[in-house]
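The values are calculated or read from the model by the stated rules, or taken from the named source; none is laboratory data. Only a predicted model underlies this, so the values are computations on that prediction, with no experimental measurement involved. Note that each Cβ is placed from the backbone with ideal geometry, even for glycine, and that neighbours are counted across all protein chains shown. Just so you know, the surface numbers come from the protein's heavy atoms only, side chains and all, with ligands and any DNA or RNA stripped out. Shrake-Rupley method; radii C 1.70, N 1.55, O 1.52, S 1.80 Å.
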Amino acid sequence: MEIITTVADMKAKVAEWKAEGLTIGLTPTMGALHEGHMSLMERAVAECDRVVTSVFVNPIQFGPNEDYDNYPRDLERDAAIAESKGVSVVFHPSVEEMYPENYNCYVTMETLTDTLCGAKRPGHFRGVCTVVNKLFNIVDPDKAFFGQKDAQQLAIIKRMVSDLNMRVKVFGCPIVREEDGLAKSSRNTYLSAEERTAALCLSRSIFKAQELIEGGERDAATVKRAVIEVIEAEPLARIDYVEVVSLANMQPVETLGEAGLVAIAVYIGKTRLIDNFLYDYTEAE
Ligand code: AMP
């Protein structure tokens with residue numbers, strides 16, 4: 001496995017692969033790799049001849065008071081994990097390589113970015129869309145793999161690819177959880193032992209929503225109330241948002257439609273964590 005740090009070298013490698021007729025998979029990450037990322041790599045390796053895992057803590061998707069400086073970084077460990085999963089290249093550009101002086105072009109999206117993390121983290125999805133667009137142009141993958149953990153991000157990337165007529169096929173992969181239910185996240189490393197226990201209120205509330213919806217509940221307010229009740233029982237938790245939205249446009253719904261998302265963001269101490277439950281009865285009904 002190679003670690004590539006420049007756009008030129010990455011493009012040269014991609015050209016080599018294309019000349020051989022090989023298919024390329026991409027798994028974009030910010031590093032501090034865990035089993036959630038590994039599941040994307042495994043799927044990509046199973047479906048593509050060559051896989052690129054990007055490891056780039058993208059400064060433009062962080063707000064001014066967010067954790068850009070403290071975000072965990074450990075390239076050596078990440079590279080060892082990627083190699084063990086059969087990844088061909090870890091693409092690890094510097095910030096200057098991705099955003100040279102006078103960098104001036106950004107990708108924005110409308111309705112889908114208005115709610116949830118888009119509303120709470122202004123500019124976040126502008127940063128995500130821009131970096132993912134750049135990665136797609138650099139790696140020119142046949143397939144790209146994203147986690148359902150970041151459900152709004154996945155919906156936005158899918159829409160960007162469709163709206164901008166990109167050739168890549170985007171796949172969503174299920175949320176990988178710890179044994180006790182907590183969704184795996186690089187940010188879980190910020191939690192103290194006490195906070196780690198408190199953080200279980202996220203998955204507990206999501207499982208509660210799942211139970212209600214699978215039991216036939218279709219009133220969004222009832223689902224939200226049940227979720228809020230579980231989180232509010234945890235003294236270390238502070239709700240950032242609890243929302244039930246349509247999968248099509250990420251806008252809140254009053255009655256659950258065919259496909260949607262129960263999405264939450266919760267502060268545990270200073271750490272902001274997200275989780276969600278996706279329901280999709282499009283084919284089942
Ligand atoms: P990040 O490094 O947090 O930007 O995440 C990189 C990719 O891994 C994104 O597509 C995430 O949705 C995905 N991911 C992160 N955590 C998980 C998880 N627990 N389960 C599945 N995918 C995940």
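To keep it simple, each residue is scored yes or no on (1) within 13 Å of the ligand (Cβ to nearest atom); (2) more than 23 Å from LEU154 (Cβ to Cβ); (3) out of contact with any Gly (no Cβ under 9 Å at 6 or more places or on another chain).
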position	(1), (2), (3)
THR5	no, yes, yes
GLU20	no, yes, yes
GLY31	yes, no, yes
MET41	yes, no, no
VAL51	no, no, no
ASN58	yes, no, no
ALA82	yes, no, yes
VAL95	no, yes, yes
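The residues of segment 2-16 that are in contact (Cβ under 8 Å) with a residue 40 or more places away in the chain and either on the phi > 0 side of the Ramachandran plot or part of a helix (DSSP H, G or I) (or both), listed by number, are VAL7, MET10, LYS11, LYS13, VAL14.
Just the residues that are closer than 8 Å to LEU26 by Cα, open to solvent by less than 30 Å² (accessible area, probe 1.4 Å) and more than 10 Å from the ligand (Cβ to nearest atom), please, taken from segment 137-152. Of everything in segment 137-152, those that are closer than 8 Å to LEU26 by Cα, open to solvent by less than 30 Å² (accessible area, probe 1.4 Å) and more than 10 Å from the ligand (Cβ to nearest atom) turn out to be VAL139, PRO141. Scanning for something in contact (Cβ under 8 Å) with a residue 24 or more places away in the chain, of a type in the set (Gly, Ala, Ser) and farther than 18 Å from THR115 by Cα, does segment 212-225 turn up at least one residue? There is no residue in segment 212-225 that is in contact (Cβ under 8 Å) with a residue 24 or more places away in the chain, of a type in the set (Gly, Ala, Ser) and farther than 18 Å from THR115 by Cα.
Test GLY127 against the criterion of being small (Gly, Ala, Ser), near the ligand (Cβ under 10 Å from one of its atoms) and within 16 Å of the chain's Cα centre (by Cα), and give yes or no. The answer is no for GLY127.
For segment 87-108, how many residues are open to solvent by 40 Å² or more (accessible area, probe 1.4 Å) and either charged (D, E, K, R) or touching a residue at least 24 places away in the same chain (Cβ under 8 Å) (or both)? Before you say what the answer is, go through the steps one by one.
Of the residues in segment 87-108, the ones open to solvent by 40 Å² or more (accessible area, probe 1.4 Å) are 92, 94-97, 100-106, 108.
From what's left, either charged (D, E, K, R) or touching a residue at least 24 places away in the same chain (Cβ under 8 Å) (or both): 92, 94-97, 101, 105-106.
Final tally of qualifying residues: 8.
For segment 238-285, what are the residues that are part of a strand (DSSP E or B), farther than 25 Å from TYR71 by Cα and open to solvent by less than 60 Å² (accessible area, probe 1.4 Å)? GLU243, VAL244, VAL245, SER246, ALA259, GLY260, LEU261, VAL262, PHE277, TYR279 - these are the residues of segment 238-285 that are part of a strand (DSSP E or B), farther than 25 Å from TYR71 by Cα and open to solvent by less than 60 Å² (accessible area, probe 1.4 Å). Filter segment 153-186 for residues that are in a helix (DSSP H, G or I) and more than 9 Å from the ligand (Cβ to nearest atom); which is farthest from ALA46 (Cα to Cα)? By that ranking, first place goes to ASP163.
Could you grab the pairs with beta carbons closer than 7 Å, sequence gap of 6+ or different chains, first residue in segment 31-59 and more than 19 Å from GLY127 (Cβ to Cβ) and open to solvent by 20 Å² or more (accessible area, probe 1.4 Å), second one part of a helix (DSSP H, G or I) and near the ligand (Cβ under 10 Å from one of its atoms)? Every condition considered, the pairs that remain are HIS34/SER186. If only residues of segment 172-194 that are touching a residue at least 60 places away in the same chain (Cβ under 8 Å) and basic (Lys, Arg) are counted, the one that is least open to solvent (accessible area, probe 1.4 Å) is LYS184. Just one of (1) surrounded by fewer than 19 Cβ atoms within 10 Å (Cβ to Cβ); (2) touching a residue at least 60 places away in the same chain (Cβ under 8 Å); (3) of a type outside the set (A, V, I, L, M); (4) touching a strand residue (DSSP E or B) at 6+ places or on another chain (Cβ under 6 Å) fails for LYS169. It is (2). Residues of segment 60-82 that are hydroxyl-bearing (Ser, Thr, Tyr) and open to solvent by 30 Å² or more (accessible area, probe 1.4 Å): TYR68 alone.
Scanning segment 88-125 for residues that are of a type in the set (Asp, Glu) and in a loop (DSSP other than H, G, I, E, B), we see that the one that is farthest from ASP163 (Cα to Cα) is GLU101.
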